[in-house]
Amino acid sequence: MPPANDATCTYATDWVTAKLRWKLTVDATEAKALRTIAAGCRDATVTFKPAP
C-alpha cells in the first residue's frame with residue numbers, strides 16, 4: 001500500500017480495475033484485504049474496459 005493514506009483508495013481502485021480488465025484471479029487473502037480497504041472508500045468507483 002502507498003505510504004500516503006490519502007492515496008489508499010486510488011491505489012485500491014486502480015488495483016481492482018486492473019484485475020477486472022485483465023480477468024486476473026484473486027485469492028481469499030487478497031479479496032479480504034481489498035474488501036477491508038474498500039470499506040473505507042465510500043466515494044470510490046471502479047470502472048473498467050475489458051482487455052481485447
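A Stokes-Einstein calculation at 4 °C with viscosity 1.567 mPa s, built on the Kirkwood radius of the chain over Cα pairs, returns a diffusion coefficient of 112 µm²/s. The angle between the Cα long axis of helix 8-21 and the longest principal axis of the Cα atoms of the chain comes to about 10 degrees, rounded to the nearest 10. Distance between the 7 Å Cα→Cβ label points at Ala39 and Thr8: 1.1 nm. Dividing the helix sum by the residues of the chain, where each DSSP H run of 4 or more adds -39500 (n - 2.57), gives a mean residue ellipticity at 222 nm of -16000 deg cm²/dmol.
Charge tally for Val26 (other residues, Cβ to Cβ under 10 Å; Lys, Arg +1; Asp, Glu -1): 0.
Solvent-accessible surface of the chain, taken per residue with a 1.4 Å probe and all protein chains present: 82 Å².
For the chain, the dipole from Cβ point charges (+1 on Lys and Arg, -1 on Asp and Glu) about the Cα centre works out to 220 debye, to the nearest 20. Judged by the mean number of other Cβ atoms found within 10 Å, the most tightly packed of the peptides 31-42, 11-22 leads the ranking 11-22, 31-42. For the chain, with all protein chains in place and a probe radius of 1.4 Å, 59% of the accessible heavy-atom surface sits on carbon or sulfur.
The values are calculated or read from the model by the stated rules, or taken from the named source; none is laboratory data. This is a predicted model, so every value here is computed, not measured. Cβ sites come from the backbone with ideal geometry, for glycine too, and all protein chains shown count toward neighbours. Note: areas computed on protein heavy atoms with side chains; ligands, DNA, RNA excluded. Shrake-Rupley method; radii C 1.70, N 1.55, O 1.52, S 1.80 Å.
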